[in-house]
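Visitor: I'd like to ask some things about the structure below.
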Amino acid sequence: MIDLIHLYRAQFKTTIAEQFQYRGALVIWLTGLILEPVIFLSVWAAVARSQGGAVDGFTANDFAAYFLLTLIVDHAGFTWIMWEMEYWIRQGNLSPLLVRPVHPIHRHIANNLTFKLLTMVVVIPVVIVLGFVFRPSFTITPATALAFVPAVVLAMALRFAVEWTLASVAFWVTRVNALNQLYYVVFLFLAGMAAPLALLPEPVRILAEWLPFYRMLGFPVEVLLGRLTPQQVAVGFAAQIAWLTVALVLLNVTWARGIRKYSAVGA
Amino acid sequence: MTYLRLLWIHLRLGILNELQYRTNLVLQLIQSAVGLVTALLGLGIVFSKTDTLGGWLPAEMLAIVGVYTLVSGLTQLVVRPSLQRFMEDIRLGTLDFTLTKPVDAQALVSMRQIEVWKLVDVVVGLVVLGVAVTQLGASIGATEALAFVVALLAGATIIYSFLLILATCAFWWVRLDNILNIFQSMYEAGRWPIGIYPPWLRYVLTFLVPVGFAITVPTEGLVGRLTSPTLVGAIALAIALPLIARAFWKFGVRHYSGASA
């Protein structure tokens, strides 16, 4: 345990140094991150305006609140492991990581968290500026704020586990780009990124509630905005924990099988 | 002529290379299908709540989806993968091999890598466009068709030049491999008519990242709402930007000193 703490501290330091070295890449990532919620926010704000101010109870300002929070939660949760893993495997860069005495996942977690902490410094002011442009209406109470914390932490853990598992597919298929994009499209829609779940057609909404994606993004946002009943919040937490358990089991299985496969490909 | 033959050779190489990864065809088919379904479902949700989106009717929005998919398929077929490889070549120092070839290096790095399965998107885009045109029916005459083709060619030229400028930046900032991905996320904004965005974003999507010229403008031509100043502007940009890109490219090549040497 102590060793792991040391590892994380060292990794924090190297990542910070690395990221400061590549400030340009950082700025580029942020542009992409910010643009997407702004697109959907603009679309739905236009719809609300053309309907005389509100769609299904969402005004343009409600959409602003929803999508700006989506931006923050998406930023907290996103990973780049699906691209990185493919690169590690294709180029053989995974080998030096495997001979280290700790699981490479720790390195990635540390990298990821450091990157988030660093970039939050930029993301929060950007969200505030966008807030002035789009004028969100928040109704956040202490209770919803309190429930938001575990919801977002679980969402981050769940997304990390799911995406790490999907990234392991690269052990079997050497070019996984198409799969990554497929995942991205599914996520866009079923996570509540393109629209709040309430606006989706009934069957899609039900599907989204059963699948894990909504629990990684839309759920924490709606918890914070107080859009869910206490019962829905409880069900949501249960779903997050259940899916996280499933994802962790899958992660272990695919990883164990994957590295066995890898020695055959990389040598 | 030489360059057409070169493109043909790379196309064949691309096909041969991709035939090793046949799973990718299946994945591409799935991906195109999911992309299309998502776009249509997105339109479906939006139009279940409203009749027009910023003045655009459902059939017109369908035309935007068609143009979006078509242009996206074309750039991802040749330009994007080639430029991506070019940037990796700079990082690894293997660009030296390209520069010493006895053909124009700009042409070579722009067509060297083909993602054959993206042809699926080209076909899907054309089909969607065809359906939209059928729905729009009588409102499309010869003028609209001509405006569309001209605006589309102009848009494609602008996008290529813009991507080349972005990629050329890799001569100075080596770790820019994300930049084309970022372009892709900016490109997503073109799925919707740029008129719905707040003014600052509209300017960004027109002048800073010319997505509007590639998608909204040709579609406006098709549905007969393109004003002649906009068309003239698009044509002017389609002449100016390639020249700027070319000059910038040459400047970049002179700056390049190799990574391995």
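The values are calculated or read from the model by the stated rules, or taken from the named source; none is laboratory data. Please read all numbers here as calculations on a predicted model, not as lab measurements. Don't worry about glycine lacking a Cβ; one is built from the backbone with ideal geometry, like all the others, and counts go over all protein chains shown. Each accessible area value is taken on the protein alone, full model and side chains, heavy atoms only, with ligands, DNA and RNA left out. Shrake-Rupley method; radii C 1.70, N 1.55, O 1.52, S 1.80 Å.
Visitor: Keeping to the range B:156-181, report how many residues are at pLDDT below 90, open to solvent by 20 Å² or more (accessible area, probe 1.4 Å) and within 22 Å of B:Leu70 (Cα to Cα).
Guide: Within the range B:156-181, residues that are at pLDDT below 90, open to solvent by 20 Å² or more (accessible area, probe 1.4 Å) and within 22 Å of B:Leu70 (Cα to Cα) number 3.
Visitor: Run down B:Leu208, B:Leu243 and say which single residue is more than 27 Å from B:Gly141 (Cβ to Cβ), surrounded by fewer than 15 Cβ atoms within 10 Å (Cβ to Cβ), at pLDDT below 90 and not basic (Lys, Arg).
Guide: Among B:Leu208, B:Leu243, only B:Leu208 is more than 27 Å from B:Gly141 (Cβ to Cβ), surrounded by fewer than 15 Cβ atoms within 10 Å (Cβ to Cβ), at pLDDT below 90 and not basic (Lys, Arg).
Visitor: While we're here: Please indicate, with yes or no, whether at least one residue in the range B:230-239 is under 23 Å from B:Thr143 (Cβ atoms) and not hydrophobic (A, V, I, L, M, F, W, C).
Guide: Checked the range B:230-239: at least one residue is under 23 Å from B:Thr143 (Cβ atoms) and not hydrophobic (A, V, I, L, M, F, W, C).
Visitor: When you scan the range A:81-100, how many residues do you find that are open to solvent by 30 Å² or more (accessible area, probe 1.4 Å) and free of Cβ contacts under 8 Å to residues at least 12 places away in the same chain?
Guide: 6
Visitor: Quick one: is B:Thr98 more than 14 Å from chain A (Cβ to nearest Cβ) and touching a helix residue (DSSP H, G or I) at 6+ places or on another chain (Cβ under 8 Å)?
Guide: Criteria met by B:Thr98.
Visitor: Next up: Can you find, within the range B:90-131, the residue that is farthest from B:Leu4 (Cα to Cα) among those that are modelled with pLDDT under 90 and among the small types (Gly, Ala, Ser)?
Guide: Ranking the qualifying residues of the range B:90-131, first place goes to B:Gly93.
Visitor: To continue, here is another question. Can you tell me which residues in the range A:125-142 are surrounded by 12 or more Cβ atoms within 10 Å (Cβ to Cβ) and among the hydrophobic types (A, V, I, L, M, F, W, C)?
Guide: A:Val126, A:Val127, A:Leu130, A:Val133, A:Phe134, A:Phe138, A:Ile140
Visitor: From the list B:Leu129, B:Leu119, B:Leu166, pick out the single residue that is hydrophobic (A, V, I, L, M, F, W, C) and more than 14 Å from every other protein chain (Cβ to nearest Cβ).
Guide: Checking each option against the conditions leaves just B:Leu129.
Matching residues to (1) within 14 Å of another protein chain (Cβ to nearest Cβ); (2) hydroxyl-bearing (Ser, Thr, Tyr); (3) without any contact (Cβ under 8 Å) to a residue 60 or more places away in the chain:
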residue	(1), (2), (3)
B:Ala147	no, no, no
B:Leu152	no, no, no
B:Gly195	yes, no, no
B:Tyr203	yes, yes, yes
B:Thr219	no, yes, no
B:Thr230	no, yes, yes
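Visitor: Taking B:Leu153 and the conditions (1) surrounded by fewer than 16 Cβ atoms within 10 Å (Cβ to Cβ); (2) touching a Ser or Thr at 6+ places or on another chain (Cβ under 6 Å); (3) of a type in the set (A, V, I, L, M, F, W, C), which numbered condition does it fall short on, given that it satisfies the others?
Guide: (2)
Visitor: Okay, moving on. Can you tell me which residues in the range B:174-226 are farther than 30 Å from B:His255 by Cα and polar (S, T, N, Q)?
Guide: The answer is B:Thr216, B:Thr219.
Visitor: Moving on. Grab the helices (runs of 4 or more DSSP H) fully contained in the range A:61-148, keeping just those with 2 or more residues being more than 24 Å from A:Leu41 (Cα to Cα), under 20 Å from the mean Cα position of the chain (by Cα) and of a type in the set (Asp, Glu).
Guide: Result: A:81-91.
Visitor: Here's something else I'd like to know. What is the number of the single condition among (1) buried (at least 16 other Cβ atoms within 10 Å of the Cβ); (2) over 30 Å from A:Ala54 (Cβ atoms); (3) away from chain A (no Cβ under 11 Å) that B:Leu62 does not meet?
Guide: (2)
Residue-wise test of (1) open to solvent by 40 Å² or more (accessible area, probe 1.4 Å); (2) farther than 17 Å from A:Glu163 by Cβ; (3) in contact (Cβ under 8 Å) with a residue 60 or more places away in the chain; (4) not polar (S, T, N, Q).
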| site | (1), (2), (3), (4) |
| --- | --- |
| A:Tyr214 | no, no, no, yes |
| A:Arg227 | yes, yes, no, yes |
| A:Gln231 | yes, yes, no, no |
| A:Arg257 | yes, yes, yes, yes |
| A:Lys261 | yes, yes, yes, yes |
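Okay, residues lined up against (1) within 8 Å of another protein chain (Cβ to nearest Cβ); (2) part of a helix (DSSP H, G or I); (3) farther than 22 Å from B:Ser32 by Cβ:
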position: A:Val169; (1), (2), (3): no, yes, no
position: A:Gln181; (1), (2), (3): yes, yes, no
position: A:Val186; (1), (2), (3): yes, yes, no
position: A:Ala194; (1), (2), (3): yes, no, no
position: A:Ile206; (1), (2), (3): no, yes, yes
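Visitor: Within the range A:34-52, count every residue that is more than 8 Å from chain B (Cβ to nearest Cβ) and open to solvent by 20 Å² or more (accessible area, probe 1.4 Å).
Guide: Qualifying residue count, the range A:34-52: 4.
Visitor: A follow-up question, please. Report, by residue number, each residue of the range B:3-37 that is of a type outside the set (A, V, I, L, M), more than 23 Å from B:Gly125 (Cβ to Cβ), away from chain A (no Cβ under 11 Å) and open to solvent by less than 80 Å² (accessible area, probe 1.4 Å).
Guide: None; the set is empty.
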